[in-house]
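The values are calculated or read from the model by the stated rules, or taken from the named source; none is laboratory data. Remember, it's a predicted structure, so these values are computed and weren't measured experimentally. Positions of Cβ are generated from backbone atoms using ideal geometry, with glycine treated the same way; all protein chains shown enter the neighbour counts. Note: accessible area is taken over every heavy atom of the protein model, side chains too, but ligands, DNA and RNA are not part of it. Shrake-Rupley method; radii C 1.70, N 1.55, O 1.52, S 1.80 Å.
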Amino acid sequence: MSTLPELTSENSTPRASSQNAKKLVLIGAGKMGGALLEGWIGLGVDPTCIAVIEPQRTAAIEALSARGVRINPDPASIYPDAIVIAVKPQIAADIMPYVASLTSPSTVVVSIMAGRKIAFLAAALPRNAAVVRAMPNTPAAIGRGITVAVPNSGVSPAQRQLADALLRATGAVEWIDDETLMDAVTAVSGSGPAYVFLLTESLARAGEKAGLPAELAVRLARATVAGSGELLHRSSIDAAVLRQNVTSPGGTTAAALEVLMAPDGLDLLMERAIAAATRRGRELAG
Ligand SMILES: NC(=O)c1ccc[n+]([C@@H]2O[C@H](COP(=O)([O-])OP(=O)(O)OC[C@H]3O[C@@H](n4cnc5c(N)ncnc54)[C@H](OP(=O)(O)O)[C@@H]3O)[C@@H](O)[C@H]2O)c1
């Protein structure tokens, strides 16, 4: 299914303004919000249908304004179909009254704030407001993120489609119904890119210890992780099968995997890491 019809009017050409085009509000155009915004515009959403709320008029914000995006418009003039909240969770309580003032019964509020629960968001909004809590990850910046989304009972099928299209602008989207899984989701895919970067660092350090010049070790580790990630991306084959495909019995890869797959190896370490992140997510959410 193309995401475009959900965001633009069926009869409008991309970038052509139309009365039927979805009206979007983005609160916070930082790293994640900025990636979403670029994704929407890239999909053909009319920039004049997007309002961005940002306290500082930076050069990046001025550039958005030049492209037609409305910056900090009069709230009474917006009537959004969707509001996407992409500010730091620490200032959530400050911005929720403003979000509430923009929310009508037909608005879906999509929050990507880590750890901010649906109950917290809904409590600050008009009764029965449609709320989607989502957790993206940093590859969103290159359109290769994965976002997990959970709706509340106020979200209609059409609002869910709209939220899906908005989030899909930065990569894949998975929907779940059980919000309690969000801490584990955050631990796996939200924080996951950091583990892969650490793997790259660790592989380079081990290469250096094995005698490689430091810079060469870094280049080898980086290209290996990036290339393997791309192979995974392009293939539908299980990671385990891809691993077996590069492992000859009794060979060098098998020797390394014997260490990594030992009972006290990578599985145990990853299990502990994910458990620690999940626990921390629960603590932060309160
Ligand atoms: N980065 C990730 O990997 C990741 C992953 C999953 C979820 N998230 C979630 O995504 C959200 C955004 O993260 P980020 O990394 O994109 O943060 P960020 O780059 O700091 O972006 C936040 C943006 O919100 C703006 N802002 C601050 N106060 C505001 C206000 N009162 N009204 C409107 N905008 C305001 C900030 O402007 P100033 O810079 O001028 O303060 C900044 O541009 C967070 O809630 C985070 O939990 C991030």
> Residues in region 239-262: is at least one farther than 22 Å from L203 by Cα and surrounded by 12 or more Cβ atoms within 10 Å (Cβ to Cβ)?
Replying inline: no
>> Just the residues that are in contact with a strand residue (DSSP E or B) (Cβ under 8 Å, 6 or more places away or on another chain) and touching a residue at least 40 places away in the same chain (Cβ under 8 Å), please, taken from region 50-96.
In response: I53, I78, P80, D81, A82, I83, V84, I85, A86, V87, I95
> Quick one: which of S101, S111 is open to solvent by less than 20 Å² (accessible area, probe 1.4 Å), more than 12 Å from L24 (Cα to Cα) and among the hydroxyl-bearing types (S, T, Y)?
Replying inline: S111
>> So A122 passes all but one of these: (1) surrounded by 18 or more Cβ atoms within 10 Å (Cβ to Cβ); (2) free of Cβ contacts under 8 Å to residues at least 40 places away in the same chain; (3) within 14 Å of the ligand (Cβ to nearest atom); (4) of a type outside the set (S, T, Y). Which condition number does it fail?
In response: (3)
>> I'm trying to understand the selection: among the residues of region 125-143, which are within 11 Å of the chain's Cα centre (by Cα), open to solvent by less than 40 Å² (accessible area, probe 1.4 Å) and aliphatic (A, V, I, L, M)?
In response: A134, M135, A140
>> Looking at region 246-283 only, could you name the residues that are over 26 Å from G115 (Cα atoms), among the β-branched types (V, I, T) and part of a helix (DSSP H, G or I)?
In response: T252, T253, V259
>> Condition first: out of contact with any strand residue (DSSP E or B) (no Cβ under 8 Å at 6 or more places or on another chain), closer than 19 Å to L284 by Cα and within 12 Å of the ligand (Cβ to nearest atom). Can you find one or more residues in region 97-107 that meet it?
In response: no
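Can you tell me which of I95, I83, I146, I118 is under 13 Å from the mean Cα position of the chain (by Cα) and modelled with pLDDT of 95 or more?
Every option except I146 fails the conditions.
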>> Between I27, I50, which is away from the ligand (no atom under 11 Å from the Cβ) and not polar (S, T, N, Q)?
In response: I50
>> Looking at region 57-65, can you tell me whether even one residue there is open to solvent by 20 Å² or more (accessible area, probe 1.4 Å) and among the β-branched types (V, I, T)?
In response: yes
>> Looking at K22, K88, can you tell me which residue is among the charged types (D, E, K, R) and within 12 Å of the ligand (Cβ to nearest atom)?
In response: K88
